[in-house]
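A.B. asks: Provided herewith is a single structure, encoded as structure tokens, for subsequent inquiry.
The values are calculated or read from the model by the stated rules, or taken from the named source; none is laboratory data. Only a predicted model underlies this, so the values are computations on that prediction, with no experimental measurement involved. Cβ placement follows ideal geometry from the backbone for every residue including glycine, while neighbour counts extend to all protein chains displayed. We work out accessible area using only protein heavy atoms, side chains counted, and drop any ligands, DNA or RNA first. Shrake-Rupley method; radii C 1.70, N 1.55, O 1.52, S 1.80 Å.
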Amino acid sequence: MSKGLAALTQRRLLIVTGKGGTGKTTVAAALGLLAAREGIITVVIEVGETDVLPRLLARKPKALKWGAGRTPLRIAPHLFTLRIVPEVALTEYLELQLHVRRIVRLVVGNQGFRRLLDAAPGWRALITLGKLWHLQSQTERNKPRWPLLIVDGPSTGHGLSFLSVPNVVLDTVRLGPLRRHTDWVQSLLKDASRTLVLPVAQPEELPVSETVELCTRVRELGMTLGPVIANAVEPPANLPDLDAILAEIARLPAADSTLLDPELLRECVEHRLRRTALQRVFLEKLEQQTGQPVIPLPYLARAIDGPESLAALADHLATRLASWEPES
């Protein structure tokens, strides 16, 4: 295992977040795949309303029992997935506190109680974070039952609200079980030896700006950042003498329909070169303004829609992590 991958997987909780559409879900899944390859029991967790991860991670997703559950679902050796649904997590939490399942179900199913919950901002985020704390605290034979949790977190704006909820609760609640349990959650989030936030961006103006803001806010919350993962970076175009290449193409027979028009080909190549140069500018800005190392992942022409295509991204990520030197 490389030092870079070891620096990530020695934590208990990795929270992957970033602007929507930057590929944070596939990055979280690729990280899970890498950790599982190293024999680390890994749970890749989603907090959205639909199951996405099983389609990326499982070779036969239709054979799996999808949906909201309390226990992670085994996908492959050492690899599990779970979608946290706040209502299910709340029911589980109350059962652990009250020890009477029938009463809990009556309370949670009560319409008045549900209306009260709907009026309480932030409870879904807090109970989701509480579920993460509960998972990382579970043991089996005096060892962590789930050594590594990788969370496909909410996108940037919602992600910051999600991570801010414990601060809000601690500012307003002074005593009682809610205060005590929120202290536990906050301790997990702020412990750099256990938790890292991994921002995912693309080398474009808006994702870079949002990532810079994200990093600033995460530090203000007292949490620790890992490297910024820059997704969909165009590989360099190695064309030392473009004019000579296009001149040779222009001399070919015009009747050869398998070739693009030389001028159209020139425009395509020049567009690619301009895009690559612009991406380099945004990558430099990303590193300078976040103050974090940037790990670039290449743009892949094939869509990531299952374990095979995900494995290609995971291989690139493993290579980049091998060349990343984490701070000691």
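A.B. asks: Apply the Debye scattering formula to the range 1-149, with a single equal point scatterer on each alpha-carbon and no solvent, then give log10 I(q)/I(0) at q = 0.10 Å⁻¹.
C.D. replies: One equal scatterer on each Cα of the range 1-149 leads to -0.40.
A.B. asks: Which whole-Hz ³J(HN,Hα) couplings does the range 300-312 yield from phi under the Karplus relation 6.51 cos²θ - 1.76 cosθ + 1.60, θ = phi - 60°, glycine and proline marked x?
C.D. replies: 10, 5, 7, 5, 8, 10, x, x, 5, 5, 5, 4, 5
A.B. asks: Give, in nm to one decimal, the length gained when the segment between Thr139 and Arg114 is fully stretched (0.36 nm per residue of separation minus the Cα-Cα distance). Don't skip to the answer; put the middle values down first.
C.D. replies: Numbers: separation 25, 0.36 × 25 = 9.00 nm, distance 3.24 nm.
Full extension of this stretch gives 5.8 nm more.
A.B. asks: With θ set to phi - 60°, apply the Karplus curve 6.51 cos²θ - 1.76 cosθ + 1.60 along the range 261-277 and write out the HN-Hα couplings as whole Hz, x wherever there is a Gly or Pro.
C.D. replies: Karplus-based 3J(HN,Hα) across the range 261-277 equals 4, x, 5, 5, 4, 4, 4, 5, 5, 5, 4, 4, 5, 5, 5, 5, 5 Hz.
A.B. asks: Just to confirm my numbers, what's the Cα centroid distance between the range 200-241 and the range 125-184 in Å?
C.D. replies: Cα centres, the range 200-241 to the range 125-184: 26 Å.
A.B. asks: Can I ask one more? Suppose we flag GluC sites (Glu not before Pro) only when DSSP calls them loop and at most 12 other Cβ atoms lie within 10 Å. Which is the longest uninterrupted stretch of the chain?
C.D. replies: Maximal segment without exposed cleavage sites: 50-326.
A.B. asks: Below 13 angstrom from the Cβ of Glu220, what's the summed charge of the other residues (Lys, Arg +1; Asp, Glu -1)?
C.D. replies: Every neighbour counted, the sum reads +2.
A.B. asks: Right, something else. Could you compute how much accessible surface Ser323 exposes when probed at 1.4 Å, giving the result in Å² to the nearest 10?
C.D. replies: Counting only protein heavy atoms, Ser323 exposes about 90 Å² to solvent.
A.B. asks: Mind listing the phi-derived Karplus ³J(HN,Hα) values for the range 84-92, rounded to whole Hz, using 6.51, -1.76 and 1.60 with θ = phi - 60°, and x for any glycine or proline?
C.D. replies: Once θ is set to phi - 60°, the couplings for the range 84-92 become 7, 10, x, 5, 5, 5, 5, 4, 4 Hz.
A.B. asks: So with the 1.4 Å probe, I'd like the accessible area per residue for the chain, rounded to whole Å².
C.D. replies: Spelled out: the 1.4 Å probe surface of the chain, per residue, equals 53 Å².
A.B. asks: Right, here's the next one. Structure shown: which of Lys3/Lys143; Lys3/Lys190; Lys19/Lys60; Lys24/Lys131; Lys19/Lys143 lie over 25 Å apart, alpha-carbon to alpha-carbon? Before the final figure, lay out each step's value.
C.D. replies: Details: Lys3/Lys143 23 Å; Lys3/Lys190 23 Å; Lys19/Lys60 30 Å; Lys24/Lys131 21 Å; Lys19/Lys143 35 Å.
The pairs that break the limit, which is 25 Å between Cα atoms, are Lys19/Lys60; Lys19/Lys143.
A.B. asks: Right, here's the next one. Run the accessible area of the range 178-227 with a 1.4 Å probe and give the carbon-and-sulfur part as a rounded percent.
C.D. replies: For the range 178-227, the apolar C and S fraction of the accessible surface comes to 49 percent.
A.B. asks: Only bridges with both residues in the chain count here: give the DSSP antiparallel percent, nearest 5.
C.D. replies: 15 percent
A.B. asks: Follow-up. Round to the nearest 10 and report in Å² the accessible area of Asp315, as given by a 1.4 Å probe over the protein chains' heavy atoms.
C.D. replies: 80 Å²
A.B. asks: Carbon and sulfur: what percent of the range 1-148's accessible surface (1.4 Å probe)?
C.D. replies: The computed percentage sits at 54.
A.B. asks: Would you tell me the accessible area of Tyr299, worked out with a 1.4 angstrom probe on the heavy atoms of the protein chains, in Å² to the nearest 10?
C.D. replies: For Tyr299, the solvent-accessible surface is approximately 120 Å².
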